[in-house]
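Shown next, in structure tokens, is the structure this report addresses.
Computed from the coordinates by the stated procedures, all read-outs in this text should not be read as laboratory data. The structure displayed is predicted, hence computed values, not measured ones. Cβ atoms come from the backbone with ideal geometry, glycine included; neighbour counts cover every protein chain shown.
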Amino acid sequence: ARYRRLPPARPAPAPLPQSPRSTNGACTNNALRVLSADDNLANQRVLRALLGAAGIESVFVSNGQEAIDAWRATPGDLILMDIQMPVMDGSEATKASREAERLEPRPKTPIIAVTANDDCEFDCRGAGMDAVVGKPISLAALAQAMDDVLARPPHEAPAFDADAQRA
């Protein structure tokens, strides 16, 4: 039997960022470096494929404590953080990294929550995350969030109106 190629169901998504944020100084080979923390291997595979196709160097860990350890050992340009993980969840890991940035001082690393919980944006932002992308992951949403957080100056807070989120 013959198979014909179906047209795409929606417009092609925006490409993922491919150049590093120079203000961080973490990249030496002009490749964007992303740390991804997610305990689900299927989610890791999806992110690995999306990031790899864009030429983005990525490191994967399975819990928040591993994320903190990897972030301390090898600074990167961006962190993709699942919320619900064993050992240390994404919110706790984000709070710990923000505290370390403040005390040491370290450059602010943008953190994007990647979560299936549609109602957690207020909590994620309160923990210090810069953006939230829902699961299942949309390439367009991920690309937009990455572009947004990487375009901000390193110490600029994300645009977020806590009062509007409570309403």
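5 Å is the cut-off here: which amide hydrogens, built 1.01 Å from N in the peptide plane, fall below it relative to E57, excluding neighbours closer than 5 in sequence?
Sorted by chain and number, the residues that satisfy this are L32, V34.
Under the Karplus relation 6.51 cos²θ - 1.76 cosθ + 1.60, θ = phi - 60°, what is the ordered set of whole-Hz ³J(HN,Hα) values for the stretch 67-83, x standing for Gly and Pro?
Result, ordered by residue: 5, 4, 4, 5, 5, 5, 6, 9, x, x, 8, 6, 10, 9, 10, 5, 8 Hz.
Compute the distance in nm between two label points, each set 7 Å from the Cα along the Cα-to-Cβ direction, one at D119 and one at N40.
1.8
Can you tell me the order of 106-114, 145-153 when each peptide is scored by its average per-residue count of other Cβ atoms within 10 angstrom, highest first? Mind dumping the intermediate values first?
Details: 106-114: 22.1, 145-153: 16.9.
Ranked by mean Cβ neighbours within 10 Å, highest first: 106-114, 145-153.
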